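Notes follow once the structure below has been shown.
Just so it is clear, none of the values below were taken in a lab; they were calculated from the coordinates. Only a predicted model underlies this, so the values are computations on that prediction, with no experimental measurement involved. All Cβ positions, even for glycine, are placed from backbone atoms using ideal geometry, and neighbour counts span all protein chains on display.
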Amino acid sequence: MTRALSDAQRRDWLRLVRTENVGSVTFAQLIARFGEPSLALAALPDLARRGGRMASLKIPSVAEAERELAAGAALGARMLAACEPAFPLPLATLDPPPPLLWARGDTRILSRPAVAIVGARVASAAAQRFARGLAAELGQAGFVVVSGMARGIDAAAHEGAMASGTVAVLGGGVDDIYPPEHRPLYDRIREAGCVVSENEPGRIAVARDFPRRNRIIAGLSRAVVVVEAELRSGSLITARLAGEQGREVLAVPGSPLDPRARGANDLLRQGAAICEGIDDILRALEGLRGFEAPTATPYRDAPAEPDDGLRKRLADLLSPTPVSRDELVRATGAPAPMVFAALTELALAGRAELLPGGMVARI
């Protein structure tokens, strides 16, 4: 359910998002349990202690949150919390959604139907021409084109869609322009569309940021088209995430003699739809329903407090290989809300990682 946040609630929402060991899944569990970010913030130290943490949890101060809000405002950027009406509906339907986005540009474009085009950074001229033309045709058909503003296919897709609207999802902050030579492209996207990121303004992207960036690219879109990609490619991660999110995945076939085509060809081998032009995308999207706003949270009533025995059993059951929360419920025989609460405590203590899709792994 959507709701407007007061200035104080937005500040506390941001503080909770930026707290140590609070990822998107843990955040969703805390909001579902406590309702208000201020109540979750007050409970964090005790929850982390129950999970086995000895050191103090690093919780941003009010002043630190206000500095981030001021930095965003100085850029003309807008913070969108996942509960707010302006938050992109496709992202709001994810389990869980990213807790917040920073957006720079026209945020209204985020409500329009979108298709992502991704691919190789060192892309062939033919593939870039195809991506540019496909993006232009998608724009003419009423779609926003989403990509990651990288070299190669991403840049070509943005350029092709510039006249109709495009969204760039960044790994760093909403002002982290990479590669540097894409500053003119960045400025044009900001004027003609929107630039978004879930990281704080001023942050320089590191490797771990890009899978999260790719999840947002897929989540904003009804379909993801891979134009050219090697077998080990971030584009294939985006395609996998799109499939897990229930989005359509399409791939452009390429020559078996070109290593840059192997990733896309492998997607076709695994069942992705073929894309030889916009008609293939329109056919794949035909009959798909629009996104519906979520109406319920995992649980809102405070669960019975888990005991040390349950926490220890769960910690012993976890391994670096992710396992589903439902499997842990079956293995322990404890009520699901109690297991979820115990896992949240272990995550806050830094002993577990709660992953999208209801998976959990030991850290």
How far, in nm, would the chain grow between Leu288 and Glu327 when pulled straight, counting 0.36 nm per residue and subtracting the alpha carbon separation?
10.9 nm
Net charge of Cβ neighbours under 15 Å - reference Leu185; Lys, Arg +1; Asp, Glu -1:
0
Given the chain, longest segment not containing exposed loop GluC sites (Glu not before Pro) (DSSP; at most 14 other Cβ within 10 Å):
1-275
Given an 8 Å cut-off on Cα distances and at least 6 residues of separation, report the relative contact order of the chain as a percent.
18 percent
Per 10 Å bin from zero, what fraction in whole % of the C-alpha pairs of the chain is there, up to the bin with the longest pair?
5, 24, 31, 24, 13, 3, 0
With springs only between Cα atoms under 10 Å, which of Ala207, Ala192, Ala123 fluctuates most in a Gaussian network model of the chain?
Ala207
Given H placed 1.01 Å from N in the peptide plane, which residues other than close sequence neighbours of Ala352 have an amide H under 5 Å from its amide H?
Ala347, Ile363
Exposure proxy ranking, count of Cβ atoms within 10 Å, fewest first, for Tyr186, Tyr178:
Tyr178, Tyr186
Give me the distance between the Cα centres of region 303-363 and region 112-128, rounded to whole Å.
39 Å
Within 10 Å of each residue's Cβ, count the other Cβ atoms and sort Phe27, Phe210 from fewest upward.
Phe210, Phe27
At what distance in angstrom do the alpha carbon centres of region 222-282 and region 42-82 lie from each other?
37 Å
Most positive-pole-ward Cα, Gly173, Ala127, Ala103, against dipole of the chain from beta carbon charges:
Gly173
Summed side-chain charge close to Pro98 - residues other than Pro98 whose Cβ falls under 9 Å, Lys, Arg +1, Asp, Glu -1
+1
